[in-house]
Each structure stands twice: as C-alpha cells, then as structure tokens.
Amino acid sequence: MQKSNIPRNLPDDSVPVGVYIHIPFCLSRCNYCAFVSYTFSPKMEDGYVEAVIKEINSACMSPLFSESRFPKAFDTIYIGGGTPSVFKPGNIKRLIDAIETNFQPVNPLEITVEINPRTYSEAEFQRLREAGVNRISIGAQSLNDQELGSMNRSHKSSNFLKVFEDARSAGFDNISVDLLAGYPGQTLKSFLHSLKGIVELDPEHISVYMFEVKSGSSIESIIKMNQNCVVDDDVMADMYEAVCAELSLEGFEQYEISNFCKPGMESRHNLKYWSDQIFLGFGVAAHGMVGTMRYSNVVDLDNYLEAIHCNGNIIESCVELDPLTRFKDAMIMGLRKNQGVNLSDMNFRYSFDCRRFVKEILNDLKDAELFVIENDVIRLTSRGRLLSNIVLSRFV
Ligand code: SF4
C-alpha cells in the first residue's frame, strides 16, 4: 500500500507511542453524534477487520512509519469508535495481535476497548480479557431512560447496570464510565441522580462531557426548531461544579477538564494526546501524529476498503506542522490537564521563547483568575476549567 509524498526529515522520540484503532460502526445513531460511524451490519465485520489488519501490516513499510522517525515501541492501544463492542471479541483479539506483531509492546501495556451497554455479556468480557484487554470504557451517558431515549441511545439504564456487573464478574478492575452533562431536557436533579448512580458502582474512572451542539448532528436541527430545550449556561456551570465537588468527595482526582479517576487510574492512552506525544491511528477516519507530521485516513468507508483492496493510498491528509503550530496544539491539549504545561519544557522542545509568547497572548486575562503560572508551569484554575474555551481559544 502506498502512503505517498511523505517528507523524510522527522525527529525520533524515545517515548513509547499510543495506538488507536477506529471501528466505525454503531447499533444506532445518537442524536448528539458527529463522529464517523455507520449502522452496524454483521456481514461487514470480517471485511473491515481484514482491511485494518492489512493497513497495520503494511504500515511499517511506508515512509511515514519508517523506523527512523519514531520508536516502534508502544505501551497503549485504544480501540474506539463508533462502537468496537459490536465486533466479536475474537476480532478485537486479531486487531491487537496485528499491532503486537508489527510493533514492540512495552510493559505495562494498557489496552482499552469502548463498550456499548447493549453488547457484551460476561462470557464475551472474559474472552476480551484473554485477548489482553485490561481496561474498558462504557458509554452510559445517563441513567435516566427518558434522557437515553431522547439521545436516541440504543440502550436503557438496566443494560448499563448489567454490562457493568458482567465486566466486573469477568475480572475487569479498570473500568471507565462516560456521562453526558447538559443534554437538552436534562435537569441538575436528573443529572446528579445519574452521577450518583454511577459513583455507587465504584468505577475506577469517570469521564463527564459537557454537551455541545456538534455540526451535522441530529440534535442541531432539533435545537434550531426549539431553542427552549437547551440547558441554561448557569445550570451547565452548576452541573460541572457539582461533578467536581461530588467526585472529589468520593475519592476521585480530576486530572483533565472532563476526566476523573481513582489515584493512579488515569487513561494512559489519552494522556498521550494531552502530553504532546506520538500516536498512531489505524482504520477509517483515524488520525495520528508521527514526529512533526499529522495525518488522517480517508473518512468514507467504501473509499477506505477500496484503497486497502487495491493497495492504494488511504491517507487523505498528511501535513508537516511548523514548530509554532505544534507548540499551540501542545498548549491547547496540555492546558486541559490539571497539572498544566511546563513552559521550560516547551522552550526546550520548540526552541523559541514560549514563556514570553504565552504571557503576551494571555496578558489581558491575567487578572481573570482563569490560570496561574507558578514555577514556570501554567495551569488552569477551577474557574479556568469551567471557562476553558476563553483561554484555549487564544492558541487557535
Ligand atoms: S455510540 Fe458513539 S459513535 Fe456511535 S452514534 Fe453514539 S455517540 Fe456516535
């Protein structure tokens, strides 16, 4: 397979990379979704898995992935979507095996699979563990069936409770749960009911995403017709503050704007995105960052399968980023972490006065209590995490 027109002057990096595999199929289309996903049909499963394995097998031979540009070592795999758990555990194992055959695993490995509550049972979770998966992320979104219905989720709260129990019974001791806050029609009371219900299950990790209207999602047109259904900004802020307070009381540490975990249970894979590290992406619409190159695969499933079949080019875009762009990206992602960004490290990595750049660009916000700079580390305050876009948009 050709990955054409790739410049060859990329730096090495000694940190093991993260590998993302995209599974673009779902049981149904959620109203708030703008991701690349297609309605799942079992007859497409094996063909897609074969295609991704072929992409992985040929990656090391391509100029973009040549060994001189980054170490072949990896220590995280994240299989996301879409809904990876519409696939049989045996196919998830084949994808993991392909990565482990072509790249060098570095222990301890973190291998995460996203789970829809209406898919796996205990036996399938056991097979997933046998395949090496040691972390799962379950999309609960809400424990209120009316809200789940209005989101057009394919599951009910009872499905989520069962899938969580099955995963625990199968031995998973690193479970993350996703929750959506501020979906149209949701109230602070109903949201807190969902949050508390999830906390009671004692997961190791909780991600709380504040609802945003995504362009192209079904809810976008619903909101255009009925603005009244949108949750008020003050209620959104109350929800976010309640999440931070409640989860702190329950022993969770916030380590990123939307992510909370029991001590030591951060998502190591996602930390790579927020920490300016190399990551590879495989599958339709996947993207990656290799050295100074950002690439993304074709978005259309038929085009992807056709290109793989014909040994054609599956990369839709491949751009060499200049140091300023990479620095700005590193700030946008790094400021999401509670620990913030070390400006000395940025100076060293990007060879220009990042410290001065940051102070100038944020000068008019310095009394707004959105961020602090201490010991050369800039980080958002709790108010800054609530209003993060004000700071992050300065780096766009
Ligand atoms: S399960 Fe995820 S990817 Fe699939 S439609 Fe819903 S939000 Fe989108």
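The values are calculated or read from the model by the stated rules, or taken from the named source; none is laboratory data. This one's a predicted model, so the numbers in the text were calculated from it and none came from an experiment. Cβ sites come from the backbone with ideal geometry, for glycine too, and all protein chains shown count toward neighbours. Surface accessibility is based on the protein's heavy atoms, side chains included, excluding ligands, DNA and RNA. Shrake-Rupley method; radii C 1.70, N 1.55, O 1.52, S 1.80 Å.
Given the criterion touching a residue at least 60 places away in the same chain (Cβ under 8 Å), open to solvent by less than 60 Å² (accessible area, probe 1.4 Å) and assigned to a helix (DSSP H, G or I), identify the matching residue among Ala242, Ala237. Let's see the steps before the verdict.
Working: Ala242 fails: touching a residue at least 60 places away in the same chain (Cβ under 8 Å).
Being touching a residue at least 60 places away in the same chain (Cβ under 8 Å), open to solvent by less than 60 Å² (accessible area, probe 1.4 Å) and assigned to a helix (DSSP H, G or I) holds for just one of Ala242, Ala237, which is Ala237.
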Quiz item: Does any residue of segment 122-130 turn out to be within 16 Å of the ligand (Cβ to nearest atom), under 26 Å from Ala59 (Cβ atoms) and within 21 Å of the chain's Cα centre (by Cα)?
Solution: no
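Specify which of the listed residues (Leu148, Leu192, Leu143) is more than 16 Å from the ligand (Cβ to nearest atom) and within 24 Å of Cys26 (Cβ to Cβ).
Residue meeting the stated conditions: Leu143.
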Quiz item: Just wondering, is there one or more residues in segment 353-370 that are part of a helix (DSSP H, G or I), of a type in the set (Val, Ile, Thr) and surrounded by fewer than 16 Cβ atoms within 10 Å (Cβ to Cβ)?
Solution: yes
Exercise. Return only the number of the condition from (1) open to solvent by less than 70 Å² (accessible area, probe 1.4 Å); (2) under 26 Å from Arg268 (Cα atoms) that Gly312 does not satisfy.
Key: (2)
Practice problem: Quick one: in segment 196-234, of everything that is within 28 Å of Leu161 (Cα to Cα), surrounded by fewer than 17 Cβ atoms within 10 Å (Cβ to Cβ) and hydroxyl-bearing (Ser, Thr, Tyr), which residue is modelled with the highest pLDDT? | Solution: Tyr209
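Examine segment 49-61 for a residue that is of a type in the set (Asp, Glu) and either open to solvent by 20 Å² or more (accessible area, probe 1.4 Å) or near the ligand (Cβ under 9 Å from one of its atoms) (or both), and state whether such a residue exists. Outline the logic, then answer.
Initially, segment 49-61 is screened for residues of a type in the set (Asp, Glu), giving 50, 55.
Then drop every residue that is not either open to solvent by 20 Å² or more (accessible area, probe 1.4 Å) or near the ligand (Cβ under 9 Å from one of its atoms) (or both), which leaves 50.
Yes, segment 49-61 contains a residue that is of a type in the set (Asp, Glu) and either open to solvent by 20 Å² or more (accessible area, probe 1.4 Å) or near the ligand (Cβ under 9 Å from one of its atoms) (or both).
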Quiz item: Which members of segment 155-171 meet the condition of being within 14 Å of the ligand (Cβ to nearest atom) and either aromatic (Phe, Trp, Tyr) or open to solvent by 20 Å² or more (accessible area, probe 1.4 Å) (or both)?
Solution: Asn159, Phe160
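In this structure, does Asn144 turn out to be closer than 23 Å to Ile115 by Cβ and either open to solvent by 40 Å² or more (accessible area, probe 1.4 Å) or of a type in the set (Lys, Arg) (or both)?
On the way: closer than 23 Å to Ile115 by Cβ: yes; either open to solvent by 40 Å² or more (accessible area, probe 1.4 Å) or of a type in the set (Lys, Arg) (or both): yes.
Spelling it out, Asn144 is indeed closer than 23 Å to Ile115 by Cβ and either open to solvent by 40 Å² or more (accessible area, probe 1.4 Å) or of a type in the set (Lys, Arg) (or both).
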Practice problem: Go through segment 172-195 and give me each residue that's open to solvent by 30 Å² or more (accessible area, probe 1.4 Å) and not acidic (Asp, Glu). | Solution: Gly185, Thr187, Leu188, Lys189, Leu192, His193
Quiz item: Can you name the number of the only condition in (1) more than 16 Å from the ligand (Cβ to nearest atom); (2) in contact with a Phe, Trp or Tyr (Cβ under 7 Å, 6 or more places away or on another chain) that Ala98 fails?
Solution: (2)
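Is it true that Asn303 is in a loop (DSSP other than H, G, I, E, B) and either touching a residue at least 40 places away in the same chain (Cβ under 8 Å) or not assigned by TED's automatic domain parsing to the domain that holds Glu50 (or both)?
Details: in a loop (DSSP other than H, G, I, E, B): no; either touching a residue at least 40 places away in the same chain (Cβ under 8 Å) or not assigned by TED's automatic domain parsing to the domain that holds Glu50 (or both): yes.
No; evaluated as a whole, the condition is false for this residue.
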Quiz item: Given (1) within 15 Å of the ligand (Cβ to nearest atom); (2) surrounded by 15 or more Cβ atoms within 10 Å (Cβ to Cβ), where does Thr39 come up short, assuming only one miss?
Solution: (2)
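Restricting segment 62-89 to residues that are of a type outside the set (D, E, K, R) and open to solvent by 30 Å² or more (accessible area, probe 1.4 Å), which is nearest to the chain's Cα centre (by Cα)?
Pro71
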Exercise. Report, ordered by the first and then the second residue, all pairs with beta carbons closer than 7 Å, sequence separation of six or more or different chains, a first member in segment 129-157 that is assigned by TED's automatic domain parsing to the domain that holds Ala181, and a second member that is of a type in the set (Lys, Arg).
Key: Ala131/Lys93; Gln141/Arg153; Asp145/Lys156; Leu148/Lys156; Asn152/Arg29; Ser154/Arg118; His155/Arg118
Quiz prompt | Close pairs (6 angstrom Cβ cut-off, 6 or more residues apart or separate chains): of a type in the set (A, V, I, L, M, F, W, C) and more than 10 Å from the ligand (Cβ to nearest atom) in segment 14-27, in a loop (DSSP other than H, G, I, E, B) and open to solvent by 20 Å² or more (accessible area, probe 1.4 Å) anywhere | solution = Val15/Gln277
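Residues are listed down the side, and each one gets a yes or a no for (1) at pLDDT 95 or above; (2) out of contact with any strand residue (DSSP E or B) (no Cβ under 7 Å at 6 or more places or on another chain):
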site: Asp300; (1), (2): yes, yes
site: Cys318; (1), (2): no, no
site: Val341; (1), (2): yes, no
site: Phe348; (1), (2): no, yes
site: Lys366; (1), (2): no, yes
site: Arg385; (1), (2): yes, yes
